[in-house]
C-alpha cells in the first residue's frame, strides 16, 4: 500500500511539473506577441494612425464611351454603382509624411454587368496615384484610379535645430572675409613752399638838419 501511495505522489508531482511548463510556454508566447509592433491592434490600428474604417478615399471613375469623369467618395467597405459598373473600396493608404517616397494607394474592386445581366469582376487590387503603371485596370469601357486618401499619422521625428552660435560665428567670419580694407590717403607730392627771408627794417628818413648840411 505504501508503494502505491509513493507511485501516486510521484505521478502527481510529474503532472504538476507538466502543467507548470505549459503555463510558462503560453506566457512566453504572449510576451513575444506583445513585443511585436502593432500586435495588440488590428490592421490600420497603430497608435496615432487613422483606423481603416474612418479613412475617406476619392476615386476617379472614367467612362470611355462618353468621356465623362466622376469623383467617387468612399470609405473602406463601401461601394457605388454607376450604370452597369460597381466600384468597391476595400482599403486606402498613404505613406507617412516623413517618408521620402510619397504614395497614395487604394485597394479597389470593379465589377461590370454582362449582357446576360450577370456580374463579372474585371479588376481587384491596389492602384496608385503617383505610379499608375504599377497596376492598371484593363477594361475597354471603364477606368478607376485613386485621387486621395484622408488619414493622419502621429507626429514624426523632429529635425535637429541648427546651432545658432556656430551660424553667427560663421557669418561673422564670412562678413570679415568679404570686407575690403579702406583705401589709404594719397601721399602729398606737392613741392614744399619756398622759405622767405625775414624783411630787414627800413632805414629812418633823414632829419631836416642833415638835409640842410647836404
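Bear in mind that the values in this text are calculations on the coordinates, not laboratory data. Predicted model only: the values in this text are computed from it and were never measured. Cβ atoms come from the backbone with ideal geometry, glycine included; neighbour counts cover every protein chain shown.
How high is the relative contact order of the range 52-150? Use alpha-carbon pairs under 8 Å, at least six apart in sequence, and give a whole percent. Numbers along the way, then the final one.
Numbers: 224 pairs, mean separation 29.0, N = 99.
Over the range 52-150, the number comes to 29 percent.
Footprinting exposure proxy ranking of 93, 117, 54, fewest other C-beta atoms within 10 angstrom first, gives 117, 54, 93.
At a Förster distance of 25 Å, what's the computed FRET efficiency of residue 114 paired with residue 73, Cβ-Cβ distance as r, to 0.05?
The pair residue 114/residue 73 has a calculated efficiency of 0.35.
Taking the Cα of residue 102, stepping 7 Å toward and past its beta carbon, and measuring to each backbone N in the range 128-149: which are under 20 Å? Hits in the range 128-149 for residue 102 at 20 Å: 128-134, 145-149.
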